[in-house]
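Structure first, commentary second.
Values in this text are rule-based calculations from the coordinates and carry no lab data. Just so it is clear, the structure is predicted and the values come from calculations on it, not from any experiment. Using ideal geometry, Cβ is built from the backbone for each residue, glycine included, and neighbour counts are taken over all protein chains shown.
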Amino acid sequence: MPSKKAQLPESEAEWLSTGKFHIESVAINGKKIRYALTEGLKGGRLVTMIGGIPREIERRVKLPLINKLYGHLALVLQASGVSSLLYNQPATGGSSGDWHKETLSSRTKTLAELVDYFGKQFHFSDYVLIGSSSGAYMAINAIEQIEGQGHKISKLLLLSPAAYPKEVETVPYGKKFTELLREPWNVANSPIFLKLKKFLGGDTSLLLCFFEHDDPPIPLYIQEYYRNFIWRFEEEGVNVVVMTIPDVAHNFRRIQRKRGNAIDDDSIRATTKRFSEFLK
């Protein structure tokens with residue numbers, strides 16, 4: 001009988017016990033941004049992992065610096081010489097900032113300047129962005145800023161990406177933000193798709209994936225628009241991959257369970273394998 005796989009680390013202390021993560025804070029845009037860095041080959045590739053932003057006060061205050069997917073993926077990538085950067089968004093977890101002033105736009109700027117900071121510190125030759133949920137939106141949004149700083153983004157991995165109308169990018173999360181999202185709007189008009197089209201016009205690669213049960217929080221019409229948008233590039237010979245993560249809901253939560261809302265470690269392991277193959 002095969003041995004049972006050990007549970008993936010959950011707490012920061014457990015991840016630190018691996019001896020692979022360097023955790024510190026850095027000043028970006030006048031804010032203290034807490035980060036975790038795994039160091040691969042000098043001058044090699046940097047993979048920056050961008051998380052979403054929970055709106056509930058308790059969740060955003062306690063938001064871990066290292067989640068299971070990003071932590072496990074970072075260690076797998078480090079084994080092949082790739083560096084990874086994980087961080088708490090401004091005003092979440094261990095990062096400072098004013099929640100009532102932070103917007104998608106300001107967080108995108110923080111992301112771009114964070115990548116620039118580490119790019120200059122370690123002289124990486126190649127850059128990859130991995131974003132989930134609203135973090136995926138920020139990843140696409142930040143490409144032009146990052147490349148304007150002289151860093152080339154070669155691969156983009158979008159996990160359960162959100163799409164928003166232009167109007168919400170400068171509105172802090174709250175009542176007005178929610179009201180704008182509830183107003184009728186055409187997903188095709190989201191500025192994110194023009195930026196994604198520009199990215200795919202070069203020598204680049206994209207992996208787009210959604211969970212089998214991803215509505216909520218990502219409405220099905222947004223999922224379908226993303227899929228159809230990307231498939232057009234596949235027909236043109238662009239290196240794009242579209243996939244579904246089976247048997248789990250958003251953020252790897254197990255489905256069809258009588259109790260609890262547990263994270264499925266086996267799904268994370270399988271997804272990490274697929275992601276690392278794409279990133280080779």
### Summary
Across (1) under 25 Å from Ser125 (Cα atoms); (2) touching a Leu at 6+ places or on another chain (Cβ under 7 Å), Arg45 clears everything bar (2)
### Task
Output yes when any residue across the range 36-51 is surrounded by fewer than 17 Cβ atoms within 10 Å (Cβ to Cβ), under 17 Å from the mean Cα position of the chain (by Cα) and charged (D, E, K, R), and no when none is.
no
## Note on the structure
For Val76, the lone unmet condition from (1) crowded, with 22+ Cβ neighbours inside 10 Å; (2) within 28 Å of Glu14 (Cα to Cα) is (1)
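For every residue, the table says whether it meets (1) buried (at least 21 other Cβ atoms within 10 Å of the Cβ); (2) within 16 Å of the chain's Cα centre (by Cα).
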site: Pro90; (1), (2): yes, yes
site: Glu102; (1), (2): no, no
site: Lys109; (1), (2): no, yes
site: Ser132; (1), (2): yes, yes
### Message
Quick check on my filter: what residues within the range 147-182 are out of contact with any Asp or Glu (no Cβ under 7 Å at 6 or more places or on another chain), touching a residue at least 12 places away in the same chain (Cβ under 8 Å) and part of a helix (DSSP H, G or I)?
### Response
Lys166, Glu167, Val168, Glu169, Thr170, Leu181
### Query
Taking the stated definitions as given, is Asp126 over 19 Å from Ile53 (Cβ atoms), without any contact (Cβ under 8 Å) to a residue 40 or more places away in the chain and either in contact with a strand residue (DSSP E or B) (Cβ under 6 Å, 6 or more places away or on another chain) or not hydrophobic (A, V, I, L, M, F, W, C) (or both)?
no
